[in-house]
Amino acid sequence: MKINNLTKEEVFRNLVTSENGLSEEEAKKRLSEFGANEIKEAKKTPLSVRFLKQFTHFLAVLLWIGAGLALLSEYLHPGEGMLTLGLAIIGVIFINAIFTFIQEYRAEQSIEKLKLLLPFYVKTIREGKQTEIPAREVVPGDVIILSEGDKVPADSRLIEITYLTVNNAPLTGESEPVPLQHEPYSGELIESRNIAFAGTTVMSGSGKAVVFATGMRTEFGRIAHLTSAVEAGLSPLQKEIVKATRIIAFLAAVMGVIFFFIGQIIGRSFWENFIFAVGIIVANVPEGLLPTVTLSLAMGSQRMAKKKALIKTLTSVETLGSVTVICTDKTGTLTQNRMEAKEAWTFDDNQTAVDLLMKTAFLCNNAKFIEGQYKGDPTETALLRYARENIGDLKAERISEIPFDSERKRMTVVCKVEDDIHPFTHSPIHRVFSFTKGALESVLPLCNYVLINDKKMPIDEKLKEKIINAYHLLMDKGLRVLSFAYREITPLSSPLNLRGERGGLKDLSLEANMVFVGLIGLEDPPRPEVPEAIKKCHEAGIRIIMITGDGSRTAVAIAREIGLVKENPTVIEGRDFIKMSDREFRKKLAGTEIIIARMTPKHKMRVVSILKEEGERVAVTGDGVNDAPALKKADIGIAMGITGTDVAKETADMILLDDNFATIVNAIEEGRAVYENIRKFISYIFSSNIPEIIPYLAYALFRIPLPLTIMQILAVDLGTDMLPALALGAEKPTAGLMKQPPRDPKERLLNFKLLSRAYLFLGPIEAAAALFGFFYVLNSGDWKWGEMLPSNNILYMQATTACLTAIIVTQIANVFACRSFRESVFSIGFFSNKLLFVGIAFEITLQLFIVYHPWGNAIFATSPIAAQMWLVLIPFAVLLFAAEEARKLIVRGGK
């Protein structure tokens, strides 16, 4: 018999479980039997195939053609040295493939590690106690508890519900909320309203269910829909780098062909021109750029994770740096989410009214006091604590509940209370009451009476005004204010449906003719680090818009306390926002200090959409089910890691592991730093292209020996430059970074400013040093202009070694010069980047190996040079560093 056809008792019997759930021992047995509750990922491309792909991309194909031509020329004209060149180019292809593969693998692994920071927990009942376990440990027979915002962990048969609706979009594609029930259903399983399917989300209400299928046995598993918490993708920045690299490679190839024909015209041999053309291509192509950028983005995301900001995609790292507006919640983000009831208000100090207010706060509440701890929503735990401190514990049977939602802004429960709770007769007869709490504008219209001097008095405009004034007084103190009301329901003479099935409660009109009891003001202190973070945002040209469900007075009071507003802010009430046209709202957005109060989450998306249409780059925070559309629409959706629902976390681009606004600002700073650091190491890598190209131009135009061999170029590009470049990717944000306006998203990474700095300013200094070193050695050996030296000539090899060493020495100065674009290296701390010195040590060690070790000599066709040669080249490094410091001083206006 199908599980949806069974009664509650038959479900327990069929799955060998009970309302108390499984024992831990039985759960372990079933986990071993059925396996982890996981959707197995689609088979990934094997590592071997991914490695082989490194040999077939655009740059690799270019180099394969070059190697093929070199080997062909060796076959046709042996003894020209083409075999060595061909093997060297093949070596380049392999080195580049291995390096790229390792970098991409490391980047992927770092993303995989971030998944471990996104555990998915499920509330279950085991051995009669409620507990939380990882979703992967859920087994058939587990009794699970579902609440608004939860993702259903496994296919489950409902046994108890309270206004439960789910979104079955992952299964059916339909996003409309589907109301569920727990009675047996005789239709098909997939159409059954008493089944909560794995992967779907709870939109409202709550319920209990018994798991009957997990992992790949679920409907979700059968359609093999992969739901990965963290996804890695090729970001726009990486696409831009791929495009730029291809353009550079294409231009290099064109340049090589042009100079090949120029060489032919001026009378050089085919093979000399061929070597030159290949050298130009190899010198220009930035082989290690893309994997270095990929790894830098991954390292940036890991640094952010250490700062409690979990980035789910590499794309988000770069987007963060250009954020212009942050739309933030107040509670838990700007404040500590540590609610404490501070003040209660009733019409008089009559103890009966105060007691009834406390009883309403106690019973209209889903928080629990379990084993000496309060568990539940921070607002509800604060109310429960306040009520217990004033009147102690109460006993009552909850019959039904209309859950709180952001539209109604209130919650109502129906309880059968003990005799001593009746406020008037104190009759021992148990009676049924409905208790309501919520926003004043939601609760007050339901009330026809107020409680004054133990009597129900008809409410009039004067009494309403008194309530509203008291409400405003509490809000002006920065308190979050809730109102409370009750209604006695006529004793039940016949069995009525009060258990939360659709239709039953509406018949009773539980929220009509209520009695207003009083108000309670709750304080949620601001986070101490928020004022400084807000100051940082203002200095960085980032606007902050507070969007809160609280009243405008509370919001303004808190905003003033944290420095978000200083003058008269533009305050928009939710009810006014709904009536506003887009044009009117755009005018309001022109203000610098904006607060949107009493806003329902579903209207956040309109705010985000209009801001984006205005050209803003928007980050928005959210934690609830209804926040998901806005989180998805925003450039950066930010979910709360502690209070956020599974739906919000899955939709967001970034998760705050500490729910702290200051963490958003730190992440934006890191995002800016990552982008800036990528520009730094691109500038560093491109600077060395000029001293690699100029020697080839001199070789072609002036009939001199080739100053730098292809293998020596590769020693720089894929050897000595790599670690220092990565070290630049680890630079901390500079002091002035958050005092600059946000980056224009249209701004190109490889712009004229960056390329001119590398190619026209730093590069020529390095080229001058390289040629100086080359000719210094040649002249010391009585070389005469125009004399061509064989490739195995000691003097020639020493000269090329000096040329290579000059590039390395000036690159050491260049790596310090590239640490910033504006600030002096001395102001950011000369020794602040320890990894940089590790990179330089590696660079020097590798160069010493190339210059002085027999193996290095053999591989790179070098020969040892005198120690004084290093001293001769150092002034060029000093010149480059000094010239760059002078440029920065001019840019800063002499400051």
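Among the residues that make up the range 431-440, is at least one of them outside any strand (DSSP E or B), hydrophobic (A, V, I, L, M, F, W, C), within 23 Å of LYS602 (Cβ to Cβ) and modelled with pLDDT of 90 or more? Before the answer, list the steps.
Going residue by residue through the range 431-440, those that are outside any strand (DSSP E or B) are 439-440.
Narrowing further to those that are hydrophobic (A, V, I, L, M, F, W, C): 439-440.
Right, trim to within 23 Å of LYS602 (Cβ to Cβ) and you get 439-440.
Pick out the ones that are also modelled with pLDDT of 90 or more and you get 439-440.
Scanning the range 431-440 turns up at least one residue that is outside any strand (DSSP E or B), hydrophobic (A, V, I, L, M, F, W, C), within 23 Å of LYS602 (Cβ to Cβ) and modelled with pLDDT of 90 or more.
Conditions (1) open to solvent by 10 Å² or more (accessible area, probe 1.4 Å); (2) touching a residue at least 12 places away in the same chain (Cβ under 8 Å); (3) not aliphatic (A, V, I, L, M), marked per residue:
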residue: SER683; (1), (2), (3): no, yes, yes
residue: ASN689; (1), (2), (3): no, yes, yes
residue: PRO695; (1), (2), (3): no, yes, yes
residue: PHE702; (1), (2), (3): yes, no, yes
residue: LEU706; (1), (2), (3): yes, yes, no
residue: THR709; (1), (2), (3): yes, yes, yes
residue: LEU714; (1), (2), (3): yes, yes, no
residue: PRO724; (1), (2), (3): no, yes, yes
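Condition (residue is closer than 20 Å to PHE816 by Cβ and part of a helix (DSSP H, G or I)) applied to the range 729-748: is it met by at least one residue?
The answer is yes, given that some residue of the range 729-748 is closer than 20 Å to PHE816 by Cβ and part of a helix (DSSP H, G or I).
Could you please find all residues in the range 1-21 being among the hydrophobic types (A, V, I, L, M, F, W, C) and open to solvent by less than 90 Å² (accessible area, probe 1.4 Å)?
Hits for the range 1-21 are ILE3, LEU6, VAL11, PHE12, LEU15.
Between PRO745, PRO741, which is under 23 Å from ALA540 (Cα atoms), surrounded by fewer than 18 Cβ atoms within 10 Å (Cβ to Cβ) and at pLDDT 85 or above?
Going through PRO745, PRO741 in turn, the sole match is PRO741.
Among what's in the range 646-686 and is outside any helix (DSSP H, G or I) and hydrophobic (A, V, I, L, M, F, W, C), pick the residue that is farthest from LEU754 (Cα to Cα).
LEU657
Could you grab me the full set of residues in the range 141-164 that are among the polar types (S, T, N, Q) and open to solvent by less than 10 Å² (accessible area, probe 1.4 Å)?
Here is the first cut: in the range 141-164, the ones among the polar types (S, T, N, Q) are 147, 156, 162.
If the condition is that a residue be among the polar types (S, T, N, Q) and open to solvent by less than 10 Å² (accessible area, probe 1.4 Å), then SER156 is the only one that fits.
Which condition does PRO864 not pass, out of (1) in contact with a Phe, Trp or Tyr (Cβ under 7 Å, 6 or more places away or on another chain); (2) under 30 Å from GLU676 (Cβ atoms); (3) open to solvent by 40 Å² or more (accessible area, probe 1.4 Å), if it passes all the others?
Of the numbered conditions (1) in contact with a Phe, Trp or Tyr (Cβ under 7 Å, 6 or more places away or on another chain); (2) under 30 Å from GLU676 (Cβ atoms); (3) open to solvent by 40 Å² or more (accessible area, probe 1.4 Å), the odd one out for PRO864 is (2).
Can you run down the residue pairs with Cβ atoms below 6 Å, 6 or more apart or on separate chains, where the first is in the range 405-430 and open to solvent by less than 40 Å² (accessible area, probe 1.4 Å) and the partner is modelled with pLDDT under 60?
So the pair list comes out as VAL414/LEU498.
Yes/no per residue for (1) out of contact with any Leu (no Cβ under 9 Å at 6 or more places or on another chain); (2) of a type outside the set (D, E, K, R); (3) closer than 30 Å to TRP345 by Cα:
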| residue | (1), (2), (3) |
| --- | --- |
| ILE534 | no, yes, no |
| ALA557 | no, yes, yes |
| GLU567 | yes, no, no |
| ILE578 | yes, yes, no |
| ARG598 | yes, no, yes |
| PRO601 | yes, yes, yes |
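For the range 440-493, what are the residues that are on the phi > 0 side of the Ramachandran plot and surrounded by fewer than 15 Cβ atoms within 10 Å (Cβ to Cβ)?
ASN453, ASP454, listed by residue number.
I'd like to know if the range 528-537 contains one or more residues that are open to solvent by less than 70 Å² (accessible area, probe 1.4 Å), in a loop (DSSP other than H, G, I, E, B) and modelled with pLDDT of 90 or more.
No; the residues of the range 528-537 include none that is open to solvent by less than 70 Å² (accessible area, probe 1.4 Å), in a loop (DSSP other than H, G, I, E, B) and modelled with pLDDT of 90 or more.
Mind checking whether some residue in the range 334-342 is at pLDDT below 85, over 30 Å from PRO629 (Cβ atoms), assigned to a loop (DSSP other than H, G, I, E, B) and more than 14 Å from the chain's Cα centre (by Cα)? Talk me through it step by step, then tell me what you get.
In the first step, residues of the range 334-342 are kept if they are at pLDDT below 85; the result is 336-338.
Add one more test, that the residue is over 30 Å from PRO629 (Cβ atoms), and what stays is none.
No; the residues of the range 334-342 include none that is at pLDDT below 85, over 30 Å from PRO629 (Cβ atoms), assigned to a loop (DSSP other than H, G, I, E, B) and more than 14 Å from the chain's Cα centre (by Cα).
I want to confirm something. Restricting to the range 630-645 and keeping residues that are part of a loop (DSSP other than H, G, I, E, B) and in contact with a Gly (Cβ under 6 Å, 6 or more places away or on another chain), which single residue is surrounded by the most Cβ atoms within 10 Å (Cβ to Cβ)?
THR645
The values are calculated or read from the model by the stated rules, or taken from the named source; none is laboratory data. Just so it is clear, the model here is predicted, and its values are computed rather than measured. Neighbour counts are summed over all protein chains in view; Cβ atoms, including those assigned to glycine, are modelled from backbone coordinates with ideal geometry. Note: accessible area is taken over every heavy atom of the protein model, side chains too, but ligands, DNA and RNA are not part of it. Shrake-Rupley method; radii C 1.70, N 1.55, O 1.52, S 1.80 Å.
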